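Values in this text are rule-based calculations from the coordinates and carry no lab data. These numbers were taken from a predicted model, which means no experiment stands behind them. Reconstructed Cβ throughout: ideal geometry from the backbone, glycine too, with neighbour counts over all protein chains shown.
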Amino acid sequence: MSRRGNEPGKCIFCDGGSLSKEHIWPDWLSAYVPKFGVSWVHTANLLDLDALGNATEQHRRVVEKPGDPRSRKLRCVCKRCNNGWMSGLQTDAKAALLDLILGRDRRLDEDDQLALATWAAMFTMVYEHADRATIAIPAEFRKQFSVDQKLSANWRIFIGTYQGLQWHGNAAHRGMALSSLSGENQGMNVQSTAFALGSLFFLVWTSFSPDLNLSDISVPTDCLVEQIWPIRSDGTIRPAGILFDSQFERNFRLLSELLGWNPPMFIL
């Protein structure tokens, strides 16, 4: 079974030391997405899914803490990674991110799609360490990603235009353990993460289960999202439609519902 979490005191990407306690959300976003929350709630669900789609919830934990969710910090990344290649990904994606966060009309070419998708993947790998029990992306992938910053067919990433109220600057993460067709428990290996920044919505799926190929999943058009990874081969795109809170939550639940599980939603 692949290792998911990093060793205590080690960087989740390179296994190095000298960890820095960093904001989950980049500091530069605060100028464009003001902090106004007074508290945040984190919930963790540990779920087993067998090959027949039967779901068993093994664990739930709910934690409420004061402060805006965008002030949250994690100590899981080393200074070298944070100030090196991670900073580079921030720089590459910043122009497209800002236009979409501020609701500007921007058509995304293949370079924009790649920069946004890679940034969203990096964010997701960090964010799921807010609760180690739900980590679904293998350590081996994170380590290789720190070397080449390349995504794989294990990922599908979508964007949309968000105009809701509840999920500004918030994220929802759900980890799932999908057993193999032979019944083998492979540990946490599927996840869905959704988050909204200003007018920009992200939906990030990963599957490291050999029995779930994300490309086989048909995403309904009324989800109002555009796929940016794998990159669309038909040229430039722009986020379609407008998502409100109910649509945010529906899109986030889509993958787990297809796998036979639909627990209640919480702001994480």
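Checking every one of the GluC sites (Glu not before Pro) in region 126-212 against DSSP loop status and a limit of 12 other Cβ atoms within 10 Å picks out E184. Around the amide H of L178, modelled in the peptide plane, lie the amide H atoms of L49, N189, V190, all under 5 Å away and 5 or more residues distant in sequence or on another chain.
Across all C-alpha atoms in region 90-188, the radius of gyration and Dmax reach 15.8, 49 Å.
One equal scatterer on each Cα of region 190-246, no solvent, Debye formula: the resulting log10 I(q)/I(0) at q = 0.13, 0.17 Å⁻¹ is -0.40, -0.68.
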